[in-house]
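Peer 1: Have a look at this one.
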Amino acid sequence: MIVCLQAGNVNTGACDDLRAACEAAHAHRAWVHVDGAFGLWAAANPATAPLLDGVELADSWACDGHKWLNVPYDSGFVFCARPDVHAEAIAYRAAYLAGAGELAGLGDLTLESSRRARGFAVWAALRELGRDGVAELVDRCCRLARRFAARLADGGAEIANDVVLNQVLVSFGDGTDELVRKVQEDGTCWLGGTTWRGRRYLRISVSNWSTTEADVDRSAAAILRLAQ
């Protein structure tokens with residue numbers, strides 16, 4: 001049995017109770033995987049780290065770098081507490097690549113035999129930002145998301161989620177997809193639409209390192225103008 005938990009839902013930013021869920025799943029001998037596509041980075045910021053309480057109990061994590069870390073697309077990570085099990089599931093034994101019965105290298109830990117050096121861009125970004133830089137980036141994006149939600153709510157929008165990270169779900173009633181199209185064509189900002197619990201919403205994800213308060217205010221004003 002595999003139990004997949006979320007650390008930062010891609011629509012709402014919400015996190016499962018990782019500690020309670022890991023303990024319950026392990027009591028039934030399940031493997032626990034945490035989908036932390038962007039939310040795993042919240043652990044770097046003291047203000048949001050409590051949302052990730054218990055993540056260390058999981059058997060594996062997955063996380064993206066192209067979202068919050070702002071590195072090139074498809075820079076992803078997997079962390080596994082049991083590398084022998086990981087390799088057993090992934091490794092291949094082509095004749096000319098076969099090892100001597102032990103792990104031959106990183107090729108035994110990935111589905112891809114050939115790939116570009118994504119790790120270099122990630123390493124460079126982390127070296128530049130450092131621990132404090134990553135924490136500040138996460139904190140600023142979350143703060144800007146709350147500002148976005150407040151500006152839109154003041155203008156009459158419905159905010160469907162508790163803004164715990166950098167995601168905001170917005171509704172003005174009917175015509176959501178038409179409004180998404182208008183926002184994209186307007187060009188002030190870019191956002192997409194999503195379905196959450198059977199309803200369509202504008203989905204705002206604040207993750208770019210260069211976004212400012214002025215950008216948020218200008219974007220919120222454009223959305224309100226187009227909604228009217």
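Peer 1: I'd like the residue in region 183-201 that is closer than 15 Å to Ala227 by Cβ and not polar (S, T, N, Q) and, out of all such residues, is surrounded by the most Cβ atoms within 10 Å (Cβ to Cβ).
Peer 2: Within region 183-201, the first condition is being closer than 15 Å to Ala227 by Cβ, and the residues that meet it are 183-186, 188-189, 191, 193, 200-201.
Still in the list and also not polar (S, T, N, Q): 183, 185-186, 189, 191, 193, 200-201.
Values: Val183: 22, Glu185: 8, Asp186: 14, Cys189: 17, Leu191: 18, Gly193: 16, Arg200: 17, Tyr201: 24.
Per the stated criteria, the residue is Tyr201.
Peer 1: Oh, and also: Give the residue, chosen from Asp74, Asp64, Asp59, that is at negative phi, among the charged types (D, E, K, R) and within 16 Å of the chain's Cα centre (by Cα). Break it down into steps so the answer makes sense when it comes.
Peer 2: Values: Asp74 fails: at negative phi; Asp59 fails: within 16 Å of the chain's Cα centre (by Cα).
Answer to the selection: Asp64.
Peer 1: Taking Ala222 as the residue in question, decide whether it is of a type in the set (A, V, I, L, M, F, W, C), part of a helix (DSSP H, G or I) and touching an Asp or Glu at 6+ places or on another chain (Cβ under 7 Å).
Peer 2: Numbers: of a type in the set (A, V, I, L, M, F, W, C): yes; part of a helix (DSSP H, G or I): yes; touching an Asp or Glu at 6+ places or on another chain (Cβ under 7 Å): yes.
Here the answer is yes, as Ala222 does meet what is asked.
Peer 1: Here's something else I'd like to know. In region 202-227, what residues are farther than 17 Å from Val163 by Cα, among the β-branched types (Val, Ile, Thr) and buried (at least 20 other Cβ atoms within 10 Å of the Cβ)?
Peer 2: Within region 202-227, just Ile223 meets the criteria.
Peer 1: Is it fair to say Asp35 is at pLDDT 95 or above, charged (D, E, K, R) and more than 25 Å from Pro83 (Cβ to Cβ)? If you could, list the steps in order and put the result at the bottom.
Peer 2: Values: at pLDDT 95 or above: yes; charged (D, E, K, R): yes; more than 25 Å from Pro83 (Cβ to Cβ): no.
It is false that Asp35 is at pLDDT 95 or above, charged (D, E, K, R) and more than 25 Å from Pro83 (Cβ to Cβ).
Peer 1: Given Val163, Val170, Val180, which one is in contact (Cβ under 8 Å) with a residue 24 or more places away in the chain, surrounded by 14 or more Cβ atoms within 10 Å (Cβ to Cβ) and not in a strand (DSSP E or B)? Please lay out each step first, then the result.
Peer 2: Details: Val170 fails: not in a strand (DSSP E or B); Val180 fails: in contact (Cβ under 8 Å) with a residue 24 or more places away in the chain.
Among Val163, Val170, Val180, only Val163 is in contact (Cβ under 8 Å) with a residue 24 or more places away in the chain, surrounded by 14 or more Cβ atoms within 10 Å (Cβ to Cβ) and not in a strand (DSSP E or B).
Peer 1: Okay, moving on. Are any residues in region 26-49 part of a helix (DSSP H, G or I), farther than 24 Å from Glu136 by Cβ and either free of Cβ contacts under 8 Å to residues at least 24 places away in the same chain or under 14 Å from the mean Cα position of the chain (by Cα) (or both), and if so, which ones?
Peer 2: Step one: of region 26-49, the residues part of a helix (DSSP H, G or I) are 26-27, 39-44, 49.
Okay, now just the ones that are also farther than 24 Å from Glu136 by Cβ, so 26-27.
Ala27, the sole residue that qualifies.
Peer 1: If you don't mind, another one. Restricting to region 161-181, what's the tally of residues that are out of contact with any Gly (no Cβ under 9 Å at 6 or more places or on another chain), within 22 Å of Glu213 (Cα to Cα) and of a type outside the set (S, T, N, Q)?
Peer 2: The number of residues fulfilling the criteria is 2.
Peer 1: Test Ala58 against the criterion of being crowded, with 22+ Cβ neighbours inside 10 Å and farther than 18 Å from Cys142 by Cβ, and give yes or no. Show your work before the answer.
Peer 2: Numbers: crowded, with 22+ Cβ neighbours inside 10 Å: yes; farther than 18 Å from Cys142 by Cβ: yes.
Considered against the rule, which asks whether it is crowded, with 22+ Cβ neighbours inside 10 Å and farther than 18 Å from Cys142 by Cβ, Ala58 comes out as yes.
Peer 1: Right, something else. Which numbered condition trips up Tyr73, out of (1) farther than 19 Å from Gly119 by Cα; (2) part of a loop (DSSP other than H, G, I, E, B)?
Peer 2: (1)
Peer 1: Still on this structure: Considering only region 143-157, I want to know if a residue exists there that is more than 23 Å from Leu52 (Cβ to Cβ), part of a strand (DSSP E or B) and of a type outside the set (A, V, I, L, M, F, W, C).
Peer 2: Looking for residues that are more than 23 Å from Leu52 (Cβ to Cβ), part of a strand (DSSP E or B) and of a type outside the set (A, V, I, L, M, F, W, C), one finds none in region 143-157, hence no.
The values are calculated or read from the model by the stated rules, or taken from the named source; none is laboratory data. Remember, predicted model here, so these are calculated numbers, not experimental data. In this analysis, Cβ positions are derived from the backbone assuming ideal geometry, glycine residues included, and neighbour counts consider all displayed protein chains.
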